[in-house]
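Below you'll find the structure, written out as structure tokens, and then a few comments.
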Amino acid sequence: KNQVEQSPQSLIILEGKNCTLQCNYTVSPFSNLRWYKQDTGRGPVSLTIMTFSENTKSNGRYTATLDADTKQSSLHITASQLSDSASYICVVSAASGGSYIPTFGRGTSLIVHP
Amino acid sequence: DGGITQSPKYLFRKEGQNVTLSCEQNLNHDAMYWYRQDPGQGLRLIYYSQIVNDFQKGDIAEGYSVSREKKESFPLTVTSAQKNPTAFYLCASNRRGGGDTGELFFGEGSRLTVL
């Protein structure tokens with residue numbers, strides 16, 4: 001069964017500090033991994049996508065890494081801002097007959113305090 | 001602007017009543033999905049549709065029904081048979097057949113509370 005595990009479940013940091021969120025997966029056949037940001041009471045929005053051949057990808061202050069051998073990904077947030085307070089969801093997609101079947105992690109809830 | 005519109009944002013229902021959540025998209029996407037989100041849990045798939053007039057059950061379809069009469073619209077009905085309907089419901093869409101590597105575009109969600 002395909003699974004995506006995220007850690008920590010929740011995280012509290014001070015504004016301006018860095019943090020790293022983790023995602024471990026067992027999804028086969030692996031196609032791609034996305035990190036979504038979900039603000040409270042809103043729909044998720046894609047931050048980054050990584051395919052098998054990519055090791056790192058940045059989107060502003062967000063940097064995602066992927067180790068396909070160990071099936072781990074991380075999302076690093078630099079110089080956190082209050083607006084980074086949200087849930088971050090790791091989604092790993094399996095390729096199936098030309099389509100993509102996503103498996104969702106439970107998310108990491110990040111709170112940034114002033 | 002292209003996007004997905006869900007309505008209503010908040011909905012209250014008495015036990016025993018059916019309720020329909022609306023989802024409309026103008027992204028010209030073929031595939032549409034309904035997910036349920038509960039605190040501390042990942043998104044769970046209720047129903048999905050890859051083309052008009054066709055849809056399939058997801059992991060937790062019991063107590064729900066859908067229709068796909070138009071490409072742009074994919075309403076979800078939460079019936080009285082759903083034993084625990086209080087949740088946050090998310091509609092999503094993407095291009096069928098792998099376009100955009102399967103990126104899902106989500107609506108803003110509908111929060112249903114059963115009184």
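Quickly run through the range B:67-85 and pick out the residues that are in a loop (DSSP other than H, G, I, E, B) and within 15 Å of B:TYR35 (Cβ to Cβ).
B:PHE74, B:PRO75, B:GLN82, B:PRO85
Please enumerate the residues belonging to the range B:26-66 that are in contact (Cβ under 8 Å) with a residue 12 or more places away in the chain, in a loop (DSSP other than H, G, I, E, B) and closer than 24 Å to B:THR113 by Cβ.
Those that are in contact (Cβ under 8 Å) with a residue 12 or more places away in the chain, in a loop (DSSP other than H, G, I, E, B) and closer than 24 Å to B:THR113 by Cβ: B:ASP38, B:LEU43, B:GLY58, B:ASP59, B:ILE60, B:ALA61, B:GLU62, B:GLY63.
Based on what the data block shows, is B:GLY107 within 11 Å of the chain's Cα centre (by Cα), among the small types (Gly, Ala, Ser) and within 11 Å of another protein chain (Cβ to nearest Cβ)?
Spelling it out, B:GLY107 is indeed within 11 Å of the chain's Cα centre (by Cα), among the small types (Gly, Ala, Ser) and within 11 Å of another protein chain (Cβ to nearest Cβ).
Can you say whether B:ALA81 is small (Gly, Ala, Ser), surrounded by fewer than 15 Cβ atoms within 10 Å (Cβ to Cβ) and out of contact with any Phe, Trp or Tyr (no Cβ under 8 Å at 6 or more places or on another chain), as far as the supplied structure shows?
Spelling it out, B:ALA81 is indeed small (Gly, Ala, Ser), surrounded by fewer than 15 Cβ atoms within 10 Å (Cβ to Cβ) and out of contact with any Phe, Trp or Tyr (no Cβ under 8 Å at 6 or more places or on another chain).
So if I check each of A:ALA79, A:ALA95, A:ALA68, which one is surrounded by fewer than 18 Cβ atoms within 10 Å (Cβ to Cβ), of a type in the set (A, V, I, L, M), touching a Gly at 6+ places or on another chain (Cβ under 9 Å) and on the phi < 0 side of the Ramachandran plot?
Sole residue among the options that is surrounded by fewer than 18 Cβ atoms within 10 Å (Cβ to Cβ), of a type in the set (A, V, I, L, M), touching a Gly at 6+ places or on another chain (Cβ under 9 Å) and on the phi < 0 side of the Ramachandran plot: A:ALA95.
If I ask for residues that are more than 18 Å from B:SER67 (Cα to Cα) and either modelled with pLDDT under 90 or within 14 Å of chain A (Cβ to nearest Cβ) (or both), which ones from the range B:15-34 would you list?
B:GLU15, B:GLY16, B:LEU27
Looking for something touching a residue at least 24 places away in the same chain (Cβ under 8 Å) and at the interface with another protein chain (Cβ under 10 Å from one of its Cβ atoms) - is there at least one such residue anywhere in the range A:44-60?
Yes: one or more hits.
Quick check on my filter: what residues within the range B:40-66 are basic (Lys, Arg) and in contact with an Asp or Glu (Cβ under 6 Å, 6 or more places away or on another chain)?
B:ARG44
Could you tell me which of the residues B:SER73, B:SER93 is touching a residue at least 24 places away in the same chain (Cβ under 8 Å), under 25 Å from A:TYR100 (Cβ atoms) and surrounded by fewer than 18 Cβ atoms within 10 Å (Cβ to Cβ)?
After applying the criteria, what remains is B:SER73.
The values are calculated or read from the model by the stated rules, or taken from the named source; none is laboratory data. Worth saying up front: this structure is predicted, and the values here are computed from it rather than measured. With ideal geometry, Cβ positions are generated from the backbone for all residues, glycine too; neighbour counts draw on all protein chains shown.
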